[in-house]
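Reading through the structure tokens given below for one structure.
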Amino acid sequence: MKKHSNPLLTIVGAGPGDIELITLKAIKSLESAAVVLYDALVNEALLAYAPQAEIIFVGKRFGCHAYSQDQINELIVTMAVRSGHVVRLKGGDPFIFGRGSEEIAFAEKHGIPSFIVPGISSVMGVPAMSGISLTQRGIAESFWVITGTTSDHKLSKDVALASQSSATVVLLMGMNKLDEIVAIYQKNRTDDLPVAIIQNGTKSNEKKVIGNISSIAALVATHQLSSPAIIIIGEVVNNASKLASFTSEALSMPESSL
């Protein structure tokens with residue numbers, strides 16, 4: 001196989017789902033890509049910004065992996081050596097539970113230079129679009145961001161620690177651990193502590209429920225919410241802006257215009 005003279009990896013954050021929540025730098029990276037390796041949480045409409053690229057789906061979701069992480073690492077190197085500029089397109093921000101640092105380390109171990117283009121994380125973007133401020137004067141002085149499911153498929157021990165503080169807690173990949181999360185908060189806090197769960201945040205098929213620790217599991221069942229979703233726990237949920245952010249219907253341009 002002939003080697004490309006300028007192999008390159010760019011790790012790009014695609015944002016939380018709304019096609020307009022991607023940066024100009026990210027778009028420029030896609031436009032110059034020879035290969036795009038994209039994840040399951042990426043809005044596929046963004047691939048229109050890479051019309052000349054070879055497009056490969058490498059998505060991973062709970063219980064369903066198109067490629068293992070080791071295979072993705074190897075594919076990055078193979079494609080960069082063969083084709084040049086590889087864009088690894090990830091939902092949200094690549095450094096927030098996105099394993100972007102692992103992929104950069106593997107590429108650089110094989111002599112491939114790497115760059116990072118940050119993205120708007122669902123951690124902040126999704127609550128903001130629903131009018132939920134993660135910090136608020138007199139209510140929450142900080143917020144925790146925790147993975148609901150660790151690499152060994154268990155609930156992070158940090159949830160128990162976070163539940164003992166007044167901080168806002170945002171959990172990613174926690175829907176399959178919701179009963180465990182509720183039990184921890186019932187032990188350490190009060191049943192009326194507000195909770196919001198937002199599925200497919202910022203996208204046209206977004207679903208949202210707001211309740212409290214005692215009611216949230218039943219609300220999720222009634223409204224049939226599932227992954228991908230984020231869980232937001234804290235008093236700030238009750239203080240969400242009644243005029244949330246600009247809605248996608250108000251400002252978004254149609255995807256056909258890409």
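The values are calculated or read from the model by the stated rules, or taken from the named source; none is laboratory data. None of these values were measured; they are calculated from a predicted model. FYI the Cβ positions are ideal-geometry reconstructions off the backbone, even for glycines, and counts take in every protein chain you see. We work out accessible area using only protein heavy atoms, side chains counted, and drop any ligands, DNA or RNA first. Shrake-Rupley method; radii C 1.70, N 1.55, O 1.52, S 1.80 Å.
Given a 1.4 Å probe, how much area per residue of the chain is accessible, in Å²?
Each residue of the chain exposes 51 Å² on average to a 1.4 Å probe.
How large is the dipole of the stretch 8-117 about the Cα centre if only Lys and Arg carry +1 and Asp and Glu carry -1, each at its Cβ, rounded to the nearest 20 debye?
The calculated dipole for the stretch 8-117 is roughly 120 debye.
Could you pull out every one of the lysines with an alpha carbon less than 20 Å from that of K154, ignoring same-chain neighbours closer than 8 positions?
K60, K177, K187
Once the Cα gyration tensor of the chain is diagonalised, what are the square roots of 5 times its eigenvalues, in whole Å and ordered largest first, as equivalent ellipsoid semi-axes?
Taking √(5λ) for each eigenvalue gives 35, 21, 15 Å, largest first.
Quick one: with all protein chains in place, what share of the accessible area of the chain is carbon or sulfur, to the nearest percent (1.4 Å probe)?
54
Could you give the dipole magnitude of the chain about its Cα centre, charging the beta-carbon of Lys and Arg +1 and that of Asp and Glu -1, in debye to the nearest 20?
Computed about the Cα centre, the dipole is about 300 debye.
Sequence-distant or interchain residues sharing an amide H contact under 5 Å with S133, placed H: which?
S241
Can you compute the charge dipole magnitude of the stretch 122-244 about its Cα centre, using +1 on each Lys and Arg Cβ and -1 on each Asp and Glu Cβ, nothing else charged? Give it in debye, rounded to the nearest 20.
My answer is approximately 200 debye.
Which value in nm describes the separation of the simple spin-label points at R189 and H223, placed 7 Å from the Cα toward the beta carbon?
1.7
Give, as a single signed number, the net charge of other residues whose beta carbon lies under 13 Å from the beta carbon of F115, with Lys and Arg counted +1 and Asp and Glu -1.
+1
Could you go through the stretch 171-182 in sequence order and give the Karplus-derived ³J(HN,Hα) for each residue, using 6.51 cos²θ - 1.76 cosθ + 1.60 with θ = phi - 60°, rounded to whole Hz, and x for Gly and Pro?
Listing the rounded values in order: 10, 9, 6, x, 5, 6, 10, 4, 4, 5, 5, 4 Hz.
Which one of A240, Q52, G174 is farthest out on the positive end of the charge dipole of the chain, using unit charges on Cβ (Lys, Arg +1; Asp, Glu -1) and the Cα centre as origin?
Checking the options against the dipole of the chain, the answer is Q52.
So how tilted is helix 100-109 from the main axis of the chain? Cα-based, degrees 0 to 90, rounded to 10.
It works out to around 30 degrees.
So for the stretch 8-117: antiparallel DSSP bridges make up what percent, rounded to the nearest 5?
Expressed as a percentage, antiparallel bridges in the stretch 8-117 total about 15.
Residue by residue through the stretch 25-33, which ³J(HN,Hα) values in whole Hz follow from phi under the Karplus form 6.51 cos²θ - 1.76 cosθ + 1.60 (θ = phi - 60°), with glycine and proline marked x?
Calculated HN-Hα couplings, in order: 5, 5, 4, 4, 5, 5, 5, 9, 6 Hz.
Suppose we flag trypsin sites (Lys or Arg not before Pro) only when DSSP calls them loop and at most 12 other Cβ atoms lie within 10 Å. Which is the longest uninterrupted stretch of the chain?
The reported range is 4-136.
In terms of the Cα gyration tensor, with a ≥ b ≥ c the square roots of its eigenvalues, is the stretch 122-244 rounded because a/c is under 1.5, prolate because a/b exceeds b/c, or oblate?
Here the stretch 122-244 falls in the rounded category.
Which residue, chosen from F97, V81, N43, occupies the Cα position most advanced towards the positive end of the dipole of the chain, where the dipole is computed from +1 (Lys, Arg) and -1 (Asp, Glu) charges on Cβ about the Cα centre?
So the residue we want is V81.
How big is the Kirkwood radius of the stretch 40-158, worked out from every pair of different alpha carbons and given in Å to one decimal?
16.6
When each pair of different Cα atoms in the stretch 160-202 is counted once in the 1/r mean, what is the Kirkwood radius in angstroms, to one decimal?
For the stretch 160-202, inverting the mean 1/r across all distinct Cα pairs yields 11.3 Å.
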